[in-house]
4 protein chains.
Amino acid sequence: MSIRIALLGAGIMGADHARIVSGDLPGATLQVVCDAFPERAKAVADECGAADVAADPMAVIARRDVDAVLIASPDETHAPLSIAAIAAGKPVLCEKPLAQSSADCLAVMEAEAKAGRFFVQVGFMRRFDQSYAEMKAALDGGELGQAIMMHNFHRNVEAPANFTGQMAITNSAPHEYDVARFVLGSDYRSISVFQPAGVDGSQTGAPVFMVLETNGGQLVNIEINNNAAYGYDVRSELVGKKGAISMNAPVYSRLDVALQSVERYAPDWRPRFAEAYRRQNKAFLKFVETGVPSPIASNCWDGYCAAVVAEAGVRALAEGRKVPIEMIGKPAFYR
Amino acid sequence: MSIRIALLGAGIMGADHARIVSGDLPGATLQVVCDAFPERAKAVADECGAADVAADPMAVIARRDVDAVLIASPDETHAPLSIAAIAAGKPVLCEKPLAQSSADCLAVMEAEAKAGRFFVQVGFMRRFDQSYAEMKAALDGGELGQAIMMHNFHRNVEAPANFTGQMAITNSAPHEYDVARFVLGSDYRSISVFQPAGVDGSQTGAPVFMVLETNGGQLVNIEINNNAAYGYDVRSELVGKKGAISMNAPVYSRLDVALQSVERYAPDWRPRFAEAYRRQNKAFLKFVETGVPSPIASNCWDGYCAAVVAEAGVRALAEGRKVPIEMIGKPAFYR
Amino acid sequence: MSIRIALLGAGIMGADHARIVSGDLPGATLQVVCDAFPERAKAVADECGAADVAADPMAVIARRDVDAVLIASPDETHAPLSIAAIAAGKPVLCEKPLAQSSADCLAVMEAEAKAGRFFVQVGFMRRFDQSYAEMKAALDGGELGQAIMMHNFHRNVEAPANFTGQMAITNSAPHEYDVARFVLGSDYRSISVFQPAGVDGSQTGAPVFMVLETNGGQLVNIEINNNAAYGYDVRSELVGKKGAISMNAPVYSRLDVALQSVERYAPDWRPRFAEAYRRQNKAFLKFVETGVPSPIASNCWDGYCAAVVAEAGVRALAEGRKVPIEMIGKPAFYR
Amino acid sequence: MSIRIALLGAGIMGADHARIVSGDLPGATLQVVCDAFPERAKAVADECGAADVAADPMAVIARRDVDAVLIASPDETHAPLSIAAIAAGKPVLCEKPLAQSSADCLAVMEAEAKAGRFFVQVGFMRRFDQSYAEMKAALDGGELGQAIMMHNFHRNVEAPANFTGQMAITNSAPHEYDVARFVLGSDYRSISVFQPAGVDGSQTGAPVFMVLETNGGQLVNIEINNNAAYGYDVRSELVGKKGAISMNAPVYSRLDVALQSVERYAPDWRPRFAEAYRRQNKAFLKFVETGVPSPIASNCWDGYCAAVVAEAGVRALAEGRKVPIEMIGKPAFYR
């Protein structure tokens, strides 16, 4: 019996999810594509063979021919749609962020806890990436000794026109907050934010550099550089007392020409994390089928943690000082 | 309407195919798993959720609830099963080799031509690998200038106990013959085979080194080294008049420990070509659905070409001299 | 007419300098090796064919058969010996640091300025390293656009038993302060220091992570990790608005064995910077011969700058906050 | 007492040798630069501070103020000048080839044997390259197990206008013959030569591919591609029964720009082998000083071996077949 998935949001991310559901997930059916722009919903539905299109996500969530929901609509809709899905008893794969504030994350968590079972998987897909998996395995397997530091770099070719340093902290960096926390197995206790001077934080694509301290005593350094120009490039290195492990972004060929040996960068994130998205969505399907959440995937608590860090980061940027990260105690439901 | 696939052969390759069909191919159903050993068929069927098991491949091919056939049974069965599938009007994805001799390949071709449409896709999956795709694109796009040489290396950790130099030529090297021919777009006209002295060709896992000349004037060099010990490692470089392009086998991390910086090899081919198999099998599914063969995939003619080269290679090894490669003219059906 | 060089200090660094002078510097003679331990002086003098040994560095500086002085004695002697050499009118290649405090650096600068010509080259040899030269050339040539950030990593296998986080800031990091300042062409205005928690700064080899802001608005990040265990490893990346350039430490071979592809690290700095030391010492010889300082080499002003940064870094570590870096105006003599 | 060296030949190679002698060899003096073109001799002498220039190499060899001779004059002069130096009792560093035929090599060997001591070091500088040293150490140290194959690639940007495939065999490939023989510790017994069709062997820069069999049972494969266009690129891999080791040409930086990650090739051999030349010439100086030949360097016997292989290679190319390599027994003098 195929799982009937409703896709909420048919933008770039939504269309990619539609392709994965229809092209890579045996056992799933792309039942309905919902978007405020009907032509966008229709284009994705046609390309991916969805049975139906719709415009009202709340109505879609309620449909009896929908078993699960994939939220890829604008950020401000994530929390209310997740809560609606929980209320309807339907599992959710929610693109990051879970919500636009930690308070809103708490609201989703409360809804989930009240419902008494897990419904929401948050789309921090990097946890499913092979590189991070190997880094985590090296740490957990003892090859590195005790973790000391983690260096993380996120570079994009070009940021959207309205992108600020604050948005780097709230929109781009949460992937880093989550995956470093996942790899290290530790929460954060402080964040400091630096910005190249003369690069006004309100300007387009302002890069930021963050130093986070974890409860486990590690440093997590994060460069977010959304106007790096040269290519989409995510790097990470985990340094332990006995050794270190670095991400190798997979490259498939090397071209020798004109006195150069060249490996190519992609202009966006999709080739780099295509396999991670596939694995993530397969894990979500299994979660829907079995009711057992993936041990790897992020849940609402993880979504909340990322939101708290982002909020502290915004303050650290504004105030030019190290800001403590204060989280609620982990609710019993998420332990 | 899902395509119902019968898997013939539930060994290592067959089990991998079953996993792909059941785990990565929406639109396909693993209908029946057939193997001479019932418990092997059952194990694969259970793991991958196949509806049925069977022991007689001819009977399976004839079943009305089977739409297409995936042949992963022993080499000597490939040709007769392919011919049976053609006779039954069912598309075939046949693991390489298409047949154990070029004469048997011709028999399959004749059956197919007589049937008047394409039925058989041969499992030279490397054509779907991203590295070879990038190499071919660089050549076709003019970045390399005219092709001059191609260097190919196939290394395995350990060969089966009965593996001879002749088997390296007939069983391992056909992947290289096919993919180099695919990338270069040219057939072969001669083959020379060299073997490290003191490594008797009848001995286990004897390495061979081959130099092939193409009709396009290129050299294609192939090392087959099935007892390379250090890891599964396939490499390729294409050299043109303006530049060269090399395969980069994707690696996901790099470990620094004990005065070493380490990247790991897998012990077998599966991680390296997992994505190529997936793409290949998706192309097969599309072929079944549309009746239009993949423009990338190998067909019977390609299977024949590989067989002819292997036969010449065996003679070149035995006679210690360059042997011409003589093929029939390409039948009109395959042009 | 060969330049007669007196080597002051015959420890590890001194012995290496003796080898360079005697083995790589045509036009130079290792005239005398001076060390408080006579047997150490003698061992180096014998190995490198020095004419004489001595124990009193002040007397050596005064000798008429000494044309120039190479200081590789303990840190606390650097400033007084440099001042003595200036007084004797003899050029000095002084191992870093120039002095143990910025105040002492100023004293050497005053002596030099008073003498009215340049006498002292400071041994920040990384400026002569090919990697940094290529990084600087890429920046100066406009390939990177405006510089934004520089990431620097210094890792040693094992620190001496008494090595503290403070020493990482004062003894190891000055190489980084100097070379980043050289590459960027900008002085520093603040420093922040972070340390993995639970790694007490007074403990052996405590790693530190520093974020420096330059007057040019760049961030310079520095990891000093003297107990990195896995190998001697210096890395650097310079990030600009149009692109980035990374150091590739040269490696000469790659070993494939036991499911690993291995490149080796050296256990100490010598192989990595052997060529930089040779180039530095050749530049010093040319300086002695011509009286014109190398445009690349560090002088007393550069030595002072590094000392000021180190002092601010120590305060930043102790006080747990960002500390401004306050330097005197650049004296006319050094402009 | 400085060794007074006469440089015979002030072309590109000669000028490089002059720079090494004057700039990197304490203990050596560039006494006289000799070239048929006086202005060329003068230019090199002026740049490198040679005491004198000359035009007649035989007269130079005879000069009492010359202790040793460095031959970098045209190939046809190598043997007669070497013989003259032997007759004059003066050690020789002779650029490769030792002679233009194996017969002429024998004449030099006879002169040397008759003189009763070693005089000639042949300029196969690759033996002093760090990469080959590490490859040889890995083999000799047992890390690779028994050697099976060696793959060698020699690529130049552009060949001189008159360069033929035959010249690739006689002029470029001897470096490969010698260094592979040095690493493997085995002589050759056959050679086969292949050439991309349509690339006439008499044409400019025709690439060749050679397969050599050694007495130790290994295959040595050599690509000579002097019009490779993309850069100067020498590669080598040694494959053993337990593992393999590959040359890593040292690279000092990596530039990320315009969707590319770029490492640069040099347009000629000089950066790649600068250090090997320095080491070679230092070894020669030590040989002159001590009378004991370097255990690494090539001698006349090695020069003869390379010449024999080249001659067999020319025949193999002309006759299109595997040609046996027949050498005289190794004279007692060279054992």
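Just so you know, all these numbers are worked out from the coordinates, no wet-lab data involved. If you're wondering where the values come from, they're calculated on a predicted model, not measured in any experiment. Every residue, glycine among them, receives a Cβ derived from its backbone with ideal geometry; neighbour counts consider all protein chains shown.
Return C:THR164, A:THR290 ranked ascending by Cβ neighbour count within 10 Å, so the fewest neighbours appear first.
On the way: C:THR164 20, A:THR290 9.
Ranking C:THR164, A:THR290 by Cβ neighbours within 10 Å, fewest first, gives A:THR290, C:THR164.
In which sequence would C:ILE71, A:ILE191 go, from the one with the fewest C-beta neighbours within 10 Å to the one with the most? Walk me through the intermediate numbers first.
Numbers: C:ILE71 31, A:ILE191 28.
The most exposed by this proxy come first: A:ILE191, C:ILE71.
Give me Rg/Rg_expected for the protein assembly as shown, where Rg uses Cα atoms only and Rg_expected = 2.2 N^0.38 Å with N residues. Don't jump to the answer; show the numbers that get you there.
On the way: Rg = 34.8 Å, N = 1340, 2.2 N^0.38 = 33.9 Å.
So the protein assembly as shown has a normalised radius of gyration of 1.03.
How big, in percent, is the set of alpha carbon pairs in region D:55-146 lying more than 15 Å apart?
Details: 2630 of 4186 pairs.
The share of Cα pairs beyond 15 Å in region D:55-146 comes to 63 percent.
Which residue, D:ALA161, D:ALA45, D:ALA107, tops the fluctuation ranking in a GNM of chain D built on C-alpha contacts under 10 Å?
Comparing D:ALA161, D:ALA45, D:ALA107 in a Gaussian network model of chain D, the most mobile one is D:ALA161.
Amide H to amide H under 5 Å from D:GLY216: which residues, 5+ apart in sequence or cross-chain, H placed 1.01 Å off N in plane?
D:ASP187
Long-range amide H contacts for C:LYS90: which residues qualify at under 5 Å (H placed 1.01 Å from N, peptide plane, sequence gap of 5 or more or a different chain)?
Those qualifying (amide H under 5 Å, at least 5 residues apart or on another chain) number zero.
How many nanometers, to one decimal and shortest first, lie between the label point of D:ALA332 and those of its other copies, if labels sit 7 Å from Cα toward Cβ?
Here D:ALA332 shows inter-copy label distances of 8.0, 8.2, 9.8 nm.
Can you run phi through the Karplus equation (6.51, -1.76, 1.60; θ = phi - 60°) for region D:173-186 and list ³J(HN,Hα) in whole Hz, with x for Gly and Pro?
Working through the residues one at a time gives 5, x, 4, 6, 4, 5, 6, 5, 5, 5, 5, 7, x, 8 Hz.
Just need log10 I(q)/I(0) for region D:108-242 at q = 0.12 Å⁻¹, Debye formula, equal scatterers on the alpha-carbon atoms, no solvent, rounded to two decimals.
Reported log10 I(q)/I(0), two decimals: -0.54.
Please report B:HIS154, A:HIS17 as a ranked list, fewest other C-beta atoms within 10 angstrom at the top and most at the bottom. Could the numbers behind the result be given before it?
Values: B:HIS154 22, A:HIS17 29.
Ranking B:HIS154, A:HIS17 by Cβ neighbours within 10 Å, fewest first, gives B:HIS154, A:HIS17.
Could you please point out the chain C residue with its Cβ nearest to the axis of the rotation taking chain C onto chain B, and the distance in whole angstrom?
So the closest residue, with its distance, comes out as C:VAL262, 3.
Once all Cα-Cα distances of chain A are split into 10 Å bins that start at 0, what whole-number percent is in each one?
Taking all Cα pairs of chain A, the binned fractions are 6, 25, 33, 26, 9, 1, 0 percent.
Sum up the charges of everything whose Cβ sits under 13 Å from the Cβ of A:ARG254, counting Lys and Arg as +1 and Asp and Glu as -1, but leave A:ARG254 out. Display every interim value, and only then the final one.
Numbers: positive: A:ARG264, B:ARG235, D:ARG235, D:ARG254; negative: A:ASP256, A:GLU263, B:GLU134, B:GLU143, B:GLU237, D:ASP233, D:GLU263.
Once all neighbours under 13 Å are counted, the net charge is -3.
Taking N as the number of residues in region A:241-323, what value does Rg over Cα atoms divided by 2.2 N^0.38 Å take?
On the way: Rg = 19.8 Å, N = 83, 2.2 N^0.38 = 11.8 Å.
Cα Rg divided by the expected 2.2 N^0.38 Å: 1.68.
Can you work out ³J(HN,Hα) from phi for every residue in region D:64-80, in order, using Karplus 6.51 cos²θ - 1.76 cosθ + 1.60 and θ = phi - 60°, giving whole Hz and x for Gly and Pro?
Taking θ as phi minus 60°, the curve returns 6, 8, 10, 9, 8, 10, 10, 9, 9, 8, x, 3, 5, 8, 4, 5, x Hz for region D:64-80.
Sort shortest first the distances from D:SER101 to its counterpart in every other copy, using label points 7 Å along the Cα-to-beta-carbon line, and give them in nm.
From this label point to the equivalent ones elsewhere in the assembly: 5.3, 8.1, 9.5 nm.
Taking the Cα centre of each part, how many Å lie between region B:81-131 and region B:282-335?
Taking the Cα centre of each part, region B:81-131 and region B:282-335 sit 10 Å apart.
Compute the length gained on full extension between B:GLN146 and B:ARG335: take 0.36 nm times their separation in residues and subtract their Cα-Cα distance, giving the result in nm to one decimal.
65.7 nm
Multiplying the sequence separation of D:ARG270 and D:ALA137 by 0.36 nm and subtracting their Cα-Cα distance, what value in nm do you get? Before the final figure, lay out each step's value.
Numbers: separation 133, 0.36 × 133 = 47.88 nm, distance 2.43 nm.
Extending this stretch completely gives an extra 45.4 nm.
Take the alpha carbon gyration tensor of region C:1-66, find the square roots of its eigenvalues, order them as a ≥ b ≥ c, and report rounded if a/c is under 1.5; if not, report prolate when a/b exceeds b/c, else oblate. Don't skip to the end; give the middle numbers.
Numbers: a/c = 1.91, a/b = 1.12, b/c = 1.71.
Because a/c hits 1.5 or more and a/b fails to exceed b/c, region C:1-66 counts as oblate.
Please sort by residue number the trypsin sites (Lys or Arg not before Pro) in region D:272-326 whose DSSP state is loop and whose Cβ has at most 16 other Cβ atoms within 10 Å.
On the way: sites: D:ARG272, D:ARG278, D:ARG279, D:LYS282, D:LYS286, D:ARG315, D:ARG321, D:LYS322; in loops: D:ARG321, D:LYS322.
Answer in residue order: D:ARG321.
What value, in deg cm²/dmol to 500, does the helix sum -39500 (n - 2.57) over DSSP H runs of n ≥ 4 give at 222 nm once divided by the residues of chain D? Could you put the intermediate results ahead of the total?
Values: 9 runs with 117 residues, N = 335.
That calculation yields -11000 deg cm²/dmol at 222 nm.
Tell me, what HN-Hα J-couplings in whole Hz come from the Karplus equation 6.51 cos²θ - 1.76 cosθ + 1.60 at θ = phi - 60° for each residue of region B:320-327, using x for Gly and Pro?
These are the phi-based 3J(HN,Hα) values: x, 8, 5, 10, x, 9, 10, 10 Hz.
Please give the FRET efficiency for A:ARG64 paired with C:ALA197, using the beta carbon to beta carbon distance and R0 = 60 Å, rounded to the nearest 0.05.
Details: r = 53 Å, r/R0 = 0.88.
According to the calculation, E is roughly 0.70.
Between their Cα atoms, which of A:LYS114/A:LYS322; B:LYS241/D:LYS136; D:LYS96/D:LYS330; A:LYS286/A:LYS330 are more than 29 Å away from each other? Before the final figure, lay out each step's value.
On the way: A:LYS114/A:LYS322 36 Å; B:LYS241/D:LYS136 32 Å; D:LYS96/D:LYS330 20 Å; A:LYS286/A:LYS330 26 Å.
Result: A:LYS114/A:LYS322; B:LYS241/D:LYS136 exceed 29 Å.
Only sites in a loop by DSSP and with at most 15 other Cβ atoms within 10 Å count here; which trypsin sites (Lys or Arg not before Pro) in region C:27-118 make the cut?
C:ARG64, C:ARG117
Which of the aspartates and glutamates could a cross-linker span from A:LYS242 if the Cα-Cα distance has to be under 14 Å and same-chain partners fewer than 8 positions apart are dropped?
Leaving aside aspartates and glutamates fewer than 8 places away in the same chain, those within reach of A:LYS242 are A:ASP140, A:GLU143, B:ASP256, C:GLU158, C:ASP233.
Which cross-chain or sequence-distant (5 or more) residues have an amide H under 5 Å from the amide H of A:ARG4, H modelled 1.01 Å from N in plane?
A:THR29, A:ASP67, A:ALA68
Given q = 0.11, 0.13, 0.20, 0.22 Å⁻¹, what are the Debye log10 I(q)/I(0) values for region A:186-311, with equal point scatterers placed on the Cα positions and solvent ignored?
Treating every Cα as an identical point scatterer, log10 I(q)/I(0) equals -0.62, -0.85, -1.38, -1.37.
Along each of the three principal axes of the Cα atoms of region A:1-133, give the extent in whole Å, ordering the values from largest to smallest.
Between the extreme Cα coordinates on each principal axis of region A:1-133 lie 39, 37, 30 Å.
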